[in-house]
Every structure is written in structure tokens, then in C-alpha cells.
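Everything on this sheet refers to the single structure shown next.
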Amino acid sequence: MVDKLNPSGCLPVLALKMTLVTLNCVNLPALSAPERIRGPFLLPDRHRRPAPSTAACGRPLWRGGRLRYGRDMSDLRIALYQPDIAGNTGTILRLAACLGLGVDVIEPAGFDISDRSLKRAGMDYLAAVTLTRHVTWERFEDWRAAAGRRLVLASTKAATPYVDVAYRPDDILLFGRESAGVPDPVHDRADLRVLIPMVEGQRSINVAMSAAMIAGEALRQTGFA
């Protein structure tokens, strides 16, 4: 992986191995739509990446019923609020690569995006992920508002089980920090808050497991890539 320093002195953009975007970096011109970086080349969003190969992610096992296929990438996205643990983020990136989901990381994170634990957990799947970095929560919210996307927060404080929600194809599924979840202002900004029911006395489920459960239900309803 190669670090390419932005001429403006803003956050470095990592290239070659991971599809990566940095949005709303100070002193950078505003982008009309998210753009993806592959190697040294900047590609407009209209250039869709090919679907992950079956060799990388396996063949779909379920046919018919409510499951639908055919798109190369889902509009559903997973957002991580200031993640603490690189290994969990790497696991979620691997999940996103296999399911055709975009991932948004809301900074600051508790690790460098090139952390060895991140690469170890994500392995070679990182090359297939579209990852967008947002330098602050406020910048993420500006982007989301402009895109008109609904924010669905996974929270132990929620009252609605995640399986009792009607998901939309362009929802953003937000997951909080491993150590502290999300602060109250972020919690209040969510359009919908969902809960994974647990047996009494247990504190929480691993964030990567939570992302897999909720994203799987959302894709079951809206259609797999």
C-alpha cells in the first residue's frame, strides 16, 4: 500500500490496494458526487466496479423466494462512527466486499487506516471495497443530507428489534465505537434506531457481528447485489 500526500496538506489518500475516498477534506474542492480512487487514477462514481468474483466470496446458495440478484453493488451502506479496533473494521470491510456494500468511516478513528490488524482481518478482500472517509461527523451529515439517505442506528438503547423494520435500498446502517457507542447528539440524529435482542445480563454483541446481522436482514428485504 502506498501513501500519497495530498498537495493541500490534508489527510493522506491511500492508493493501490484499497478503493478509498476522502470526502470534505479542508482546502479540497467540493465534489458533486463521491469519487473512487483506484491506484493512481481518480474515477467518477458512474464507473461501477465489477462484482466480486465467486472465487473470492463464494457462490450464492439461496435461490428464488424474496432474495434478488443481478446488481454489481448494493446501494445499502455501512457507516462506522469513530471505530476503535482495526480488526473489527477489517472484518466489516471483508463483509462489505462479499456483499457488495459501500463503507463509510467517520473519523477520527482509533487506528491508522493502513494498520496491520486492519489488513490482516480484511486480507485481500480490501481491494474490492469502496471505502469513504469523512473527516468529521458534521461533514458526514452534510454529505448524507445532500444524498437524501436515511440513517439507521444500531443501539442497545433502541426499542425496535432490527427484524421488525422495513429497510430501504439506500439506507445507511450506522454502528458506534466499540468502547462507547455514539454520543447523544449522534443518537438523536438517527432517523431510525434498531436493537439486536439479547438474553438478559449480556452487554453487547461484537460490532462486526452486529453489522453482519443487520446488513443481512436489510439485504434480505431489499435484494442482494
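The values are calculated or read from the model by the stated rules, or taken from the named source; none is laboratory data. Everything numeric here is computed off the predicted structure, so don't read it as measured data. A quick note on method: Cβ atoms are made from the backbone with ideal geometry, for glycine too, and the neighbour counts reach across all protein chains shown.
Quick one: in region 69-114, which of the residues that are in contact with a helix residue (DSSP H, G or I) (Cβ under 7 Å, 6 or more places away or on another chain) and hydroxyl-bearing (Ser, Thr, Tyr) is surrounded by the most Cβ atoms within 10 Å (Cβ to Cβ)? Filtering region 69-114 for residues that are in contact with a helix residue (DSSP H, G or I) (Cβ under 7 Å, 6 or more places away or on another chain) and hydroxyl-bearing (Ser, Thr, Tyr), the one surrounded by the most Cβ atoms within 10 Å (Cβ to Cβ) comes out as Thr89.
Do we find a residue being on the phi > 0 side of the Ramachandran plot and either of a type in the set (Lys, Arg) or in contact with a Phe, Trp or Tyr (Cβ under 9 Å, 6 or more places away or on another chain) (or both) anywhere in region 173-181? Among the residues of region 173-181, at least one is on the phi > 0 side of the Ramachandran plot and either of a type in the set (Lys, Arg) or in contact with a Phe, Trp or Tyr (Cβ under 9 Å, 6 or more places away or on another chain) (or both), which makes the answer yes. Out of Gly64, Gly90, one residue alone is more than 13 Å from the chain's Cα centre (by Cα) and either more than 19 Å from Pro169 (Cα to Cα) or modelled with pLDDT under 90 (or both). It is Gly64. Out of region 102-125, which residues are among the aliphatic types (A, V, I, L, M) and at pLDDT below 80? Listed by number, the residues that qualify are Ile113, Leu118, Ala121, Met123. Filtering Val194, Val182 for residues that are surrounded by 18 or more Cβ atoms within 10 Å (Cβ to Cβ), of a type in the set (Val, Ile, Thr) and more than 24 Å from Pro108 (Cβ to Cβ) leaves a single hit, Val194. Among the conditions (1) free of Cβ contacts under 8 Å to residues at least 60 places away in the same chain; (2) assigned to a loop (DSSP other than H, G, I, E, B); (3) more than 19 Å from Val207 (Cβ to Cβ), Arg149 misses just one, which is (1). Among the residues of region 89-130, those that are assigned to a loop (DSSP other than H, G, I, E, B) and closer than 19 Å to Leu76 by Cβ comprise Gly100, Leu101, Val129.
I'd like to check something: does region 204-213 contain any residue that is free of Cβ contacts under 8 Å to residues at least 24 places away in the same chain and closer than 19 Å to Tyr81 by Cα? Yes; the residues of region 204-213 include at least one that is free of Cβ contacts under 8 Å to residues at least 24 places away in the same chain and closer than 19 Å to Tyr81 by Cα.
Restricting region 152-166 to residues that are among the small types (Gly, Ala, Ser) and assigned to a loop (DSSP other than H, G, I, E, B), the residue that is farthest from the chain's Cα centre (by Cα) is Ala159. Thr156 satisfies every condition listed in (1) within 30 Å of Glu200 (Cβ to Cβ); (2) crowded, with 18+ Cβ neighbours inside 10 Å; (3) of a type in the set (Ser, Thr, Tyr) except (2).
Would you call Leu118 more than 14 Å from Tyr81 (Cα to Cα), buried (at least 20 other Cβ atoms within 10 Å of the Cβ), in contact (Cβ under 8 Å) with a residue 12 or more places away in the chain and aliphatic (A, V, I, L, M)? So Leu118 passes the test.
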